[in-house]
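A short worksheet on the structure shown next.
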């Protein structure tokens, strides 16, 4: 089996659409800790403690750290990605894996999944954060000055992400350790890096187009500033809904890329061969 960009994208869309209800349910479950955290920090006593012991220390180190590093949403997103990877790889191998089985296996390997996700975040968002700190201006979150610079940073992020894109599927499916999962991701992508980059680039462009289109529709297309606050609230809810709806797509894509890379290098799994001979 060869690794093809069109085959990966087509398989991803097909699996995602057919399993959208249960993947969306899994997304909602993984959003519960995020919503619970936001509710908790809205309580004055706890929110004040978080600001004093988390936000302010990070801000004293550098304001960009408080903006980029304080969020812990990447942890439930890592759980989501691992659980969906188990379901997706099972589907590709003609094995029945429910979302509850995927979630249970993920929670049993939670320390390793979180460790892999942390390293992936350092490799990808860490580089973007470093650039932000290097280009900090006037105590504000620095906005890139030109479209070219913005695109350049996004392309760098896609390149770095394509190197470790399948690390979480490796960690949950092959039950490898943190650093072993990163190494395995690099090994699987060897010889196919341009194709993996192309797959991730298509995904990033589609996501960016959806979110930029939403931003333009709600915030840029109207000159009526009296209604801006209302449109901003609607935009926040719509953006949240779109993000929740599309979140599982990236996880399915990572799982499909992993299984196609593995199959291209190693062939069918023993269970698949047994099915053929049976």
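The values are calculated or read from the model by the stated rules, or taken from the named source; none is laboratory data. Just so you know, these numbers come straight off a predicted model, no measurement behind them. Reconstructed Cβ throughout: ideal geometry from the backbone, glycine too, with neighbour counts over all protein chains shown.
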**OP:** Considering only residues that are part of a loop (DSSP other than H, G, I, E, B) and modelled with pLDDT under 90, look in segment 192-249 and name the one that is nearest to residue 265 (Cα to Cα).
**Re:** 221
**OP:** Output the residues belonging to segment 2-34 that are crowded, with 18+ Cβ neighbours inside 10 Å and either touching a strand residue (DSSP E or B) at 6+ places or on another chain (Cβ under 9 Å) or in a loop (DSSP other than H, G, I, E, B) (or both).
**Re:** 3, 19
Original post:
Out of all the residues in segment 169-183, is one or more closer than 24 Å to residue 245 by Cα, under 15 Å from the mean Cα position of the chain (by Cα) and either part of a loop (DSSP other than H, G, I, E, B) or modelled with pLDDT of 95 or more (or both)?
Top reply: yes
**OP:** Among the numbered conditions (1) at pLDDT below 90; (2) closer than 22 Å to residue 26 by Cα; (3) not in a helix (DSSP H, G or I), tell me where residue 165 comes up short.
**Re:** (1)
**OP:** From (1) more than 22 Å from residue 267 (Cα to Cα); (2) at pLDDT 90 or above, pick out the condition that doesn't hold for residue 89.
**Re:** (1)
Subject >> Cβ-Cβ under 8 Å pairs, at least 6 apart or on other chains, segment 126-142 side at positive phi and at pLDDT below 75, far side surrounded by 15 or more Cβ atoms within 10 Å (Cβ to Cβ) and outside any loop (DSSP other than H, G, I, E, B) >> reply: 139/63
